[in-house]
Amino acid sequence: MKIVVCDPISPKGIALLQQRPEFQVVVLPKRLPEAELLALVADAVALVVRSETKVTKNVIEAAKLLRVVGRAGVGVDNVDIEAATQHGTVVMNTPGGNTVTTAELSFAMLLSLARKVPQAHEREQHGTGNFFRARNWPGKRSAFWAWAASARKWPSGRLPSECVSSPTILI
């Protein structure tokens, strides 16, 4: 079975596919224009895509053996669902795949704003001084404890008592 990995994915994911001797895994080094992709997918049974590659009606029709399109990420807006359905091709995605990464970025941005990193950067870039006073919270706990506790999904289903009983500042 030929599997075409059209967009960059984790090397661990590619290694898992390559472990199966019945899979012929083709990893494209870069996003190809649709015209070039049509020839490559002619005998493909599966396509793995992210956001870059558009799986259009032309691509689906060119892939006579295509049975599944796996979208590594949220949503399937880059796949022609109607054409896939008519072709008998299943379209799947991984909606929770980047949830942790998104939460980490959101928390980092909140901390950056609370510590006034953008303002400090602006002052540093314009040479108006390298000293910038950010807000401190002596003797108080930040919202990180609540966030970390919920991210770990405590077995009891409740936050540890020290997170609930102590003062918490939401940034």
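What to note about this one:
- Just one of (1) part of a loop (DSSP other than H, G, I, E, B); (2) under 23 Å from Gly97 (Cβ atoms) fails for Ala15. It is (1).
- Single condition Gly70 does not satisfy, out of (1) free of Cβ contacts under 8 Å to residues at least 24 places away in the same chain; (2) closer than 15 Å to Gly88 by Cα: (1)
- Qualifying residue in segment 78-85 (condition: of a type in the set (S, T, N, Q) and either under 27 Å from Phe23 (Cα atoms) or touching a residue at least 60 places away in the same chain (Cβ under 8 Å) (or both)): yes
- Tally of residues being touching a residue at least 12 places away in the same chain (Cβ under 8 Å) and not polar (S, T, N, Q) across segment 1-38: 23
- A residue that is surrounded by 14 or more Cβ atoms within 10 Å (Cβ to Cβ), out of contact with any strand residue (DSSP E or B) (no Cβ under 6 Å at 6 or more places or on another chain) and under 22 Å from Lys2 (Cα atoms) occurs somewhere in segment 20-31.
- Scanning segment 49-71 for residues that are surrounded by 23 or more Cβ atoms within 10 Å (Cβ to Cβ) and under 18 Å from Leu17 (Cα atoms) yields Val49, Leu66, Val69, Arg71.
- Counting only helices (runs of 4 or more DSSP H) that fall entirely inside segment 92-158 and contain at least 2 residues that are more than 30 Å from Val48 (Cβ to Cβ) and modelled with pLDDT of 55 or more, the qualifying elements are 99-114, 117-125.
The values are calculated or read from the model by the stated rules, or taken from the named source; none is laboratory data. Quick caveat: nothing in here was measured; it's all calculated off a predicted structure. As a convention, Cβ positions derive from the backbone with ideal geometry for all residues, glycine included, and neighbour counts pool all protein chains shown.
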